[in-house]
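Right, one structure below, let's go through it.
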Amino acid sequence: MGKKGGTAVEPRPFIGRVFLSAEKKEVNMIDIEIDLQKEQQAALESLERVESPEALDTWKQAHLGKSSLVMTTFGKMGSFSKVERPQVGRAVNQVKVALENAYALKEETIRRKALLSAMASEKLDVTLPGYPVQRGRMHPVNLLMREIYRIFGDMGFQVYRSPEVETDDMNFTYLNIPPYHPARDMWDTFYTEDEGVVLRTHTSPGQIRSMRDYYPNPVRVILPGACMRYEQQDQSHEIEFMQFELLVVDKGVTFANLKGTMDDFTKRMFGPGAHTRLRPSHFPFTEPSAELDMACIFCGGVGCGVCHGTGWIELGGCGMVHPRVLKYGGYDPEVYSGFAAGVGIDRTTLLRYHIDDIRYLRNNDIRFLEQF
Ligand SMILES: [Zn+2]
């Protein structure tokens, strides 16, 4: 000061201007920062009181919109000096980020609150189970057929399928029922318009078909499927019914094998208490032939309505394969022997599920079918 004492008077106003100018800017900077901090505090406080999405929108317009302090300060950046600009920028940016974060949090809170109140007012319970999907199910006859397949599968039998529309020869002649033979009366059937083509009356044609397929190997098959007969329909008779047939052909097959196999089947199907008897009978395609009866499972053999007081329920027919049938199948009856058995699946289904009328099985009443 001493050195420049003489000339100090002149520049003072200039220096003073610069000083004052700089000081004024300093004051402005502090003002802006204070204003921004006040704005941040006020905005956050008012955000606390925001309850609705509409109020939140209004708040956003006021504090982060075009005319908000934050945005107008950004807009004025050009009016600050190079030194001030970063400082102001940093300050306004901090406020902006703080407000935006607070806004995002509030928005999420309000959204959740709105959802909860909507759920409460609209009584929408998203935890309620939906409408149940109606599931299909197996027909009782099919259920039983699958069980029969399993039982005989365990015993080493294969399922062999043969046509439901057969030639007269397969259905009758090769089974030792020649044309005009009175035995054909037992199997009155439906004839097609084609000469010599019928709807099969039993699964027995499959015996001939499987023997011709397997020759000269041993045969152990189960022949399942639908059969048709010309019947008067009643509680226990239908024009269409399901049947399965067993056929075993090999060297040294005996009647004891037949008895053992059928007894084992009834035990596996109806429980260990079930037992069978063979009653002499006659079929053209077996010799000797027998009816297979099972002790009544309803009365234990004492006699009841189901067994017509006899204590026995007829399951089907069986016997040793007739030599002529073996021959039609291609096997030499001098070397090979075999047994066959036919059991009505519908009748077995009635017994198994305690159903008292065979007609229920095919009249497609959903109230009946839903029980299985
Ligand atoms: Zn009985």
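The values are calculated or read from the model by the stated rules, or taken from the named source; none is laboratory data. Being a predicted model, the structure only gives us computed values, none of them experimental. Ideal geometry is used to build each Cβ from the backbone, glycine not excepted, and the neighbour counts take in all protein chains shown. For the accessible areas, the whole protein counts, side chains as well, though only heavy atoms, and no ligand, DNA or RNA atoms are used. Shrake-Rupley method; radii C 1.70, N 1.55, O 1.52, S 1.80 Å.
Starting from the Cα-Cα distance between residue 185 and residue 267, subtract it from 0.36 nm times their residue separation and give me the gain in nm to one decimal.
Extra length from residue 185 to residue 267 when fully extended: 26.2 nm.
Find how many whole Å separate the alpha carbon centroid of segment 288-320 from the alpha carbon centroid of segment 227-270.
Distance between centres, Cα-based: 13 Å.
Average the reciprocal distances over every distinct pair of alpha-carbons in segment 87-212, invert the result, and give the Kirkwood radius in Å.
Taking every pair of different Cα atoms in segment 87-212, averaging 1/r and inverting gives 22.8 Å.
Please name which of 364, 102, 304 has its Cα lying farthest along the dipole of the chain towards the positive end, using unit charges on Cβ (Lys, Arg +1; Asp, Glu -1) and the Cα centre as origin.
Final value for the positive-end residue is 102.
Write down the accessible area per residue of the chain in Å², having rolled a 1.4 Å probe over the full set of protein chains.
Details: 22110 Å² over 372 residues.
That works out to 59 Å² for each residue.
Per DSSP H run of at least 4 residues, take -39500 (n - 2.57); add these up for the chain, divide by its residues and hand me the 222 nm value, nearest 500 deg cm²/dmol. If you can, show how the numbers build up before the last one.
Numbers: 11 runs with 160 residues, N = 372.
The helix contribution divided over the chain gives -14000 deg cm²/dmol.
How much of the accessible area of segment 20-129, probe 1.4 Å, is carbon plus sulfur, in whole percent?
Answer for segment 20-129 is 57 percent, counting heavy atoms of protein chains only.
For segment 173-261, evaluate the Debye formula with one uniform point scatterer on each Cα (no solvent term) and list log10 I(q)/I(0) at q = 0.14, 0.23, 0.25, 0.26 Å⁻¹, rounded to two decimals.
Rounded to two decimals, the profile gives -0.64, -1.24, -1.30, -1.33.
Can you list, bin by bin at 10 Å, the percent of alpha carbon pairs in the chain, starting at 0?
Bin by bin from 0 Å, the calculated values are 4, 16, 18, 11, 5, 3, 4, 5, 8, 9, 7, 4, 3, 2, 1, 0.
Go through the chain and flag any cysteine with no other cysteine's C-beta closer than 4.7 Å, please.
When partners are defined as cysteine Cβ atoms under 4.7 Å apart, the chain leaves 227, 318 without one.
Nothing charged except the Cβ atoms of Lys and Arg (+1) and of Asp and Glu (-1): what's the magnitude of the dipole of the chain about its Cα centre? Round to the nearest 20 debye. All intermediate terms of the calculation are to be shown ahead of the outcome.
Working: 44 positive and 49 negative charges, 599 e Å.
Using Cβ point charges on Lys, Arg, Asp and Glu, the chain gives about 2880 debye.
Kindly give Rg over Rh for segment 216-255, based on alpha-carbon atoms, with the Kirkwood expression for the hydrodynamic radius.
1.21
Sort the following peptides by mean Cβ neighbour count (other Cβ atoms within 10 Å, averaged over residues), highest first: 317-327, 272-282.
Answer by packing, highest mean first, reads 317-327, 272-282.
Between beta-carbons, use under 13 Å as the cut-off and find the net charge around residue 191, counting Lys and Arg +1, Asp and Glu -1.
-3
On each of the three principal axes of the Cα atoms of segment 196-347, give max minus min coordinate, whole Å, ordered largest first.
47, 36, 24
Given 0.36 nm per residue, what is the gain on full extension from residue 161 to residue 57 after removing their alpha carbon distance, in nm?
29.9 nm
Please compute the length gained on full extension between residue 83 and residue 251, using 0.36 nm multiplied by the number of residues separating them and subtracting their Cα-Cα distance.
Result for the pair: 49.2 nm of gain on full extension.
Beta carbons within 10 angstrom, averaged per residue: use that to sort the peptides 158-169, 334-345, highest first. All intermediate terms of the calculation are to be shown ahead of the outcome.
Working: 158-169: 16.4, 334-345: 21.2.
Result, highest mean Cβ count within 10 Å first: 334-345, 158-169.
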